[in-house]
Amino acid sequence: MSYNFNEIEKKWQTKWQEEKLFSVEVDQNKPKFYVLDMFPYPSGAGLHVGHPLGYIASDIYSRYKRLKGFNVLHPMGYDAFGLPAEQYAIQTGQHPATTTERNINRYREQMDRLGFSFDWDREVRTCDPDYYHWTQWMFLELFKHWFNNKTQKAETIDSLIALIEKEGNKNIEATCNVKTPEISADDWAKMTEEEKQNFLQNYRLAYQDETFVNWCPKLGTVLANDEVKEGLSVRGGHPVEQKKMKQWLLRVSAYSQRLLDGLDTIDWTESLKEIQRNWIGRSEGATVYFPIENHSERLEIFTTRPDTLFGASFMVLAPEHEWVEKITTPEQKNVVEDYIFQTKKKTERDRISDVKNVTGAFTGAYCLHPFTGKQIPIWVGDYVLSGYGTGAIMAVPGHDQRDYDFAKQFNLPIIEVVAGGNLEEEAYAAKDGKLINSDFMNGLRVPEAIKKTNEELEKQQKGSPKINFRLRDAIFSRQRYWGEPIPIYYKNGIPYPLPEDQLPLELPKVNSYLPTEEGEAPLGRAKDWKYSSEEHYELTTMPGFAGSSAYYLRYMDSKNNNELVSKEKNEYWENVDLYVGGSEHAVGHLIYSRFFNKFLFDIGKVCKDEPFKKLINQGMIQGRSNFVYRKKGTNTFVSYNLKKDHDVTPIHVDVNIVHNDHLDLEAFKNWREEYKDAQFILEEDGHYLCGNTIEKMSKSLFNVVNPDKIVEDYGADTLRLYEMFLGPIEQSKPWNTSGIEGVSRFLHKVWRFCFDENNQLVLTDEEPNPTELKILHTAIKKVEEAIETFSLNIGVSSLMICLNDLTKENCKKKPIIRPFLTLLSSFAPHLSEEIWQRLGEKESVCFSTFPSWEQKYLVENTYTYPISINGKKKFLKEISLDLNKEEIEKVALEDEKTQSFLQGKQIKKIIVVPKRIVNIVI
RNA sequence: GGUUCCCUGGUGGAAUUGGUUUACACAGUGGAUUUAAAAUCCAUGCCUCGUUAAGAGGUUGCGGGUUCAAGUCCCGCGGGAACCACCA
């Protein structure tokens, strides 16, 4: 028996676990390195072959860094709160904690079989009260802080109160609610406790507000913006509507600018940074005030094109705008109310799919142009969104397509103010051209005009330059059971933070996971779950992103009962050096984590401003589905190439009973009761050929490949190598088991290289020769480069090439094999460890030293130059590297072959690039 | 509609960053070993012309450009992916 991977892998996994080999502590004598995987949500389906891709890559990197002498923190845990467990609980009545625990155990079992070097002593679970204690603590800290725009930092609410007591909020520049009123110190002093608390909600970083939210009736909860796509919930795809509700929110928008600036300091892919930049959506423009006729107030709008101010021919308010009711004239009241009623009925999805249908209503009111004083009609239209800017716009139909369409629909004037377009057909939106019809700006180019308007607006106090962000505050309440309770209690209807010594506020038991009859969240069912007899707790729970937003900090100090993370441990581990996970978290988790981290940085809790220095997005591994074709209305199945002659329905078939697209007929009959008597129409060669397609790996498509099966058949080391060998880590690719033979053969070859048929070691202590050293050092260099650049597929190839070359040299020498095993150990730790031990080494190969390659073994004295004429390669010639350019040229020209190609033709030029090429131009 | 990115053998993918394609692996074909199979090893492997061979020419989605030299840089077209999108 040769390489017995099952036995070897079990042996080493047990040993590593028993000896807690990968458990780490702060060690000031060693440089630290923090490698983190996005922790999984433990679903009931278990791991498929795609899930471990990132874990394998990060494990290889961690092992490599250990060999390089780093103190490597490489933890794992579970994102255990969430909807699927709760849905399952509603259906079965089982407590989500029970099913979650079961799923976690299954995940752990599967992961353990792959030989990961996780420090399991630091495991965290977001649903564990010892963990969510700190999630709740962070919420309270957010509640107790506000964001000072002057310092661009979070500061305590007490400092805000002190400022207001002194001089009101006039000089305070904060990120706060749009409708925050201006008050004096006197006003403040006169406020009741309730009024004060309500007023402070305008400033808190975790605050309660009544706003329009994404309400998903099917899920029975509100959702954050990143959980909604095209009017449907990301999870489940249910319709989402806008509903006004009182909710907890996080003032993420306060950090917009810092979230944007921080992107320049971190090593993420450009595409991912771009996604975040889009999501944050910074746009520069101006706020302009339009006085309303016969009203004391002025209408405030945001525009990115202040230069087109003279082209504004009407105003549009969002239907939800608070002044719509106030300014609508009696004559228009019915029309406007009817219009608002119609828009309210529409779901978000309708509103989006209805883009082509321009709708709106005239309020009957007018405002006055700030510079000309001209009357401008005010309309209501649902193409203006209440959540962005001020929820009101000045419409410039000449230079904005949406305004243009609106003007055409309702026959409103279109004024050209930037020359260059053809307004008969469409708006001219380009920021290029000279201003016309614009009073003091006539003749200016667009950028100059923008500057000029801004100056003029400020001078006359009719507006000011303004930067707007698309990033909204995150809705933090979920009307669900399986999440962290929000540590708030109500006294006389006013929310107060729970005292810190009351944390964690544990999730109470309930008899059902559905909302109460009164429509309260499920926590309303918990009996006696109150802060005191009069003061009840908040009934909503936190969203999924709450628990995952700072878990990387908790790993540093997971057992600490006094704080999230101690200063000492945080200052040692700092932040994550390498973060590996899927790009689906680009605008959710990865924005929230950065937000939380920046906040914790502001309050002095963590020492780094950004949480993740480098980020790698691993691609998805897709499934390869197989089909059989059933003749309609029969139980007869037609083979792939013959199906065109019949009327057939394709049916997904379990890929485990298909080999190389050939269906195992017996297995198919046994697969399901209904196919027991199946008949087949076969190909000429007597096989049933299945169709195939590439799609998501999913249980319902019967294309799931289970890693357990692969480990059983080929070993964990083979699976690890193969997943890396499949291609660049960032690319999505379909799983194809047939290629796994190649890497499996490689590992068997490694074994046979070291042992004979009786498993006796055949290696000697003999000194290696220069050829062997060259092979080895080439491999060291390549593997090191490959791991550093995360091109792990190249790493595997390099190891294969090395072994092939050594086999050709018949090199059976320990001094060569030892470093080779160290290189291999990151990829195939079990096999390397076994051979390492059999070589007589005492220490684990995982803690040996990564060999360094030396130039002297790689130096060549000749280089094979391609000799080309007019850029076309003619032949190859070995030329000594000692020669200088002129000498190389001479050697190349004197060659017989060169002469025969030249045939006496005139040489115009000769290009010699040392160690590259000799090119002769004739 | 906007932004970012991709396109190399039958397949997954390499290519010293502008240096003369297709490393490594899979599948295929031919052979060796074997009673046989498995396992292993060797050879072969882009296209066209050439009976074979020697050889010649072409070739990185298509077309053009820059350059002594282009898979790599630039422009246009075609195909695909991801993200954003009534964001004023």
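The values are calculated or read from the model by the stated rules, or taken from the named source; none is laboratory data. These numbers come from a predicted model, not from an experiment. With ideal geometry, Cβ positions are generated from the backbone for all residues, glycine too; neighbour counts draw on all protein chains shown. All accessible areas refer to the heavy atoms of the entire protein, side chains included, with ligands and DNA or RNA removed. Shrake-Rupley method; radii C 1.70, N 1.55, O 1.52, S 1.80 Å.
Over chain A, with every protein chain in place, what whole percent of the accessible area is carbon and sulfur at 1.4 Å, could you tell me?
47 percent
Counting Lys and Arg as +1 and Asp and Glu as -1, what is the net charge of the other residues whose Cβ lies under 13 Å from the Cβ of A:A85? The answer is +1. Cross-link pairs exceeding 29 Å between alpha carbons, from the set A:K10/A:K814; A:K856/A:K908; A:K669/A:K699; A:K733/A:K872; A:K68/A:K856; A:K218/A:K509: A:K856/A:K908; A:K733/A:K872.
Rolling a 1.4 Å probe over the heavy atoms of the protein chains gives chain A an accessible area of 46 Å² per residue. Taking only the Cα atoms of the stretch A:415-539, the ratio Rg/Rh comes out at 1.40, with Rh defined as the Kirkwood radius. Of all aspartates and glutamates in the structure, the ones whose alpha carbon falls short of 14 Å from that of A:K890, not counting any fewer than 8 places away in one chain, are A:E878, A:D882.
Using only alpha carbon pairs under 8 Å that are at least six residues apart, calculate the relative contact order of chain A and give it in whole percent. The value is 13 percent. For A:R525, the shell of other residues with beta-carbons less than 15 Å away shows a net charge of -2, using +1 for Lys and Arg and -1 for Asp and Glu. Modelled label positions at A:D756 and A:E563, each set 7 Å beyond Cα in the direction of Cβ, lie 6.4 nm from each other. Given +1 at the Cβ of Lys and Arg, -1 at the Cβ of Asp and Glu and no other charges, the dipole of the stretch A:498-602 around its Cα centre is 320 debye to the nearest 20. Debye-formula intensities of the stretch A:394-475, expressed as log10 I(q)/I(0) at q = 0.15, 0.19, 0.22 Å⁻¹, are -0.66, -0.93, -1.07 (one equal scatterer per alpha-carbon, no solvent). Report the calculated FRET efficiency for A:T372 and A:E455 (r = Cβ-Cβ distance, R0 = 22 Å), to the nearest 0.05. With a Förster radius of 22 Å, E is 0.80. The trypsin sites (Lys or Arg not before Pro) found in the stretch A:652-691 that occupy coil by DSSP, while having at most 16 further C-beta atoms within 10 Å, are A:R672, A:K676. Once the Cα atoms are used to define both axes, helix A:770-788 deviates from the longest principal axis of chain A by about 10 degrees. Report the antiparallel proportion of the DSSP beta bridges in the stretch A:793-922 as a percent, rounded to a multiple of 5. Once the DSSP bridges in the stretch A:793-922 are tallied, antiparallel ones form about 80 percent. A straight chain from A:S738 to A:I494 at 0.36 nm per residue would run longer than the Cα-Cα distance by 81.4 nm. Bridge orientation summary for chain A: considering DSSP beta bridges with both residues in this region, about 80 percent are antiparallel. Gain on full extension, evaluated as 0.36 nm per residue between A:S852 and A:I90 minus their Cα-Cα distance, stands at 268.5 nm. With a Förster radius of 51 Å applied to the C-beta separation of A:T304 and A:L642, the computed FRET efficiency comes to 0.25. Which of A:K874/A:K905; A:K246/A:K605; A:K874/A:K909; A:K885/A:K909 have a Cα-Cα distance over 19 Å? The answer is A:K246/A:K605. Within the stretch A:498-554, the GluC sites (Glu not before Pro) that combine a DSSP coil assignment with at most 16 other C-beta atoms in a 10 angstrom radius are A:E506, A:E517, A:E518, A:E520, A:E534, A:E535.
Taking trypsin sites (Lys or Arg not before Pro) across the stretch A:684-765, the ones in a DSSP loop with at most 14 further Cβ atoms lying within 10 angstrom of their Cβ are A:K696.
Taking 7 Å steps out from each Cα toward its Cβ at A:N656 and A:E534 produces label points 6.2 nm apart. The antiparallel fraction among DSSP beta bridges confined to the stretch A:569-671 stands at about 65%.
Here are some pairs, A:K569/A:K614; A:K229/A:K345; A:K229/A:K408; A:K326/A:K491; A:K11/A:K569; A:K153/A:K190; which of them have Cα atoms lying more than 23 Å apart in this structure? Can you show the working numbers first?
Working: A:K569/A:K614 20 Å; A:K229/A:K345 19 Å; A:K229/A:K408 30 Å; A:K326/A:K491 34 Å; A:K11/A:K569 34 Å; A:K153/A:K190 29 Å.
Where the Cα-Cα span goes over 23 Å, the pairs concerned are A:K229/A:K408; A:K326/A:K491; A:K11/A:K569; A:K153/A:K190.
Computed over the Cα atoms of chain A, the ratio of the radius of gyration to the Kirkwood radius (Rg/Rh) comes to 1.04. Using the alpha-carbon atoms, what tilt in degrees (0 to 90, nearest 10) does helix A:270-280 show relative to the longest principal axis of chain A? Roughly 10 degrees between the two axes. Within the shell of other residues whose beta carbon sits under 13 angstrom from the beta carbon of A:V918, the net charge comes to +4, with Lys and Arg scored +1 and Asp and Glu -1. Rounded to 0.05, the FRET efficiency of the A:K699 and A:N4 pair, given R0 = 35 Å and the Cβ-Cβ distance, is 0.60. Across the alpha-carbon atoms of the stretch A:433-492, the computed radius of gyration and Dmax are 23.7, 63 angstrom.
The candidates A:F302, A:F827, arranged from most to least accessible area with a 1.4 Å probe in the full protein assembly, appear as A:F302, A:F827. Per the Debye formula with a single identical scatterer at each Cα and no solvent contribution, what log10 I(q)/I(0) holds for the stretch A:102-163 at q = 0.11, 0.12, 0.16, 0.21 Å⁻¹? Values returned for q = 0.11, 0.12, 0.16, 0.21 Å⁻¹ are -0.51, -0.56, -0.70, -0.89. Against chain A, whose longest principal axis comes from its Cα atoms, helix A:83-92 is set at around 90 degrees.
Find the Rg to Rh ratio for the stretch A:194-262, where Rh is the Kirkwood radius over alpha-carbon pairs and Rg uses the same atoms.
1.06
Stretching A:K842 away from A:I911 to a fully extended chain increases their span by 19.2 nm, per 0.36 nm per residue minus the current alpha-carbon distance.
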